[in-house]
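As structure tokens, the structure follows; a few thoughts come after it.
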Amino acid sequence: MQTRSGRGTGRLVPVIGVVGRSGVGKTTLLERLVPALGARGLTVGCVKHASHGFLADRPGKDSYRLFESGASAVALISCDQIASFWRRDGVAGRDVSLADAMATLPGGLDLVLAEGFSWEPIPRIAVVPEHEGLAVELVHAGPLLEIVTAPPPTAEFPPAFPAALIERLARRLAARTRLQGRANLTLADLAVPATSAH
């Protein structure tokens, strides 16, 4: 799937989902995958679905106080970062679409990795715990590119994904992204049967 990224750019950007149950290691996998893709020359964006909501700012900070005062939108800007947050009036309890989330990202991205959004029709990498099967709800909406088996986390450390797995995923995703850009295909057209991470 391609969707538009960046305010006003109109550019189509490929999106890959990373899906799995809470706590399985999706964010840990992405933390390793993003720099590996960057090392291959790709500019990568991420969007994360926060199913339980989130606090966009720290209580007591000026920007937090402005938002709490009733401002519909607040932008927090420094010399090297921009963050903006606004109220989704009239849509309480309704999930944001991936297209809406993508529209908040800057232009110039080569690839977006979407953590969650399992209901969206995007190609996906499914992260599943060792000794558990693949849940149907993770794969019913979009093509499965790969199954990654997550080793069990310890009390002190998140799941550890082997460097060889990260390199293989980065190589495949970079190749797909470049092929899609050249051939104007969607990643769904390029999906291959899922394989195990082991």
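So between R65 and T43, what do we pick up on full extension, going 0.36 nm a residue minus the alpha carbon distance?
Difference between extended and current length: 4.6 nm.
Working out 0.36 nm times the residue gap between L134 and R178, then minus their Cα-Cα distance, what length gain in nm do you get to one decimal? Mind showing how you got there, number by number?
Numbers: separation 44, 0.36 × 44 = 15.84 nm, distance 2.89 nm.
My answer for the length gained is 13.0 nm.
FYI, it's all coordinate maths here, none of it is from the lab. Source: prediction; values computed, not measured.
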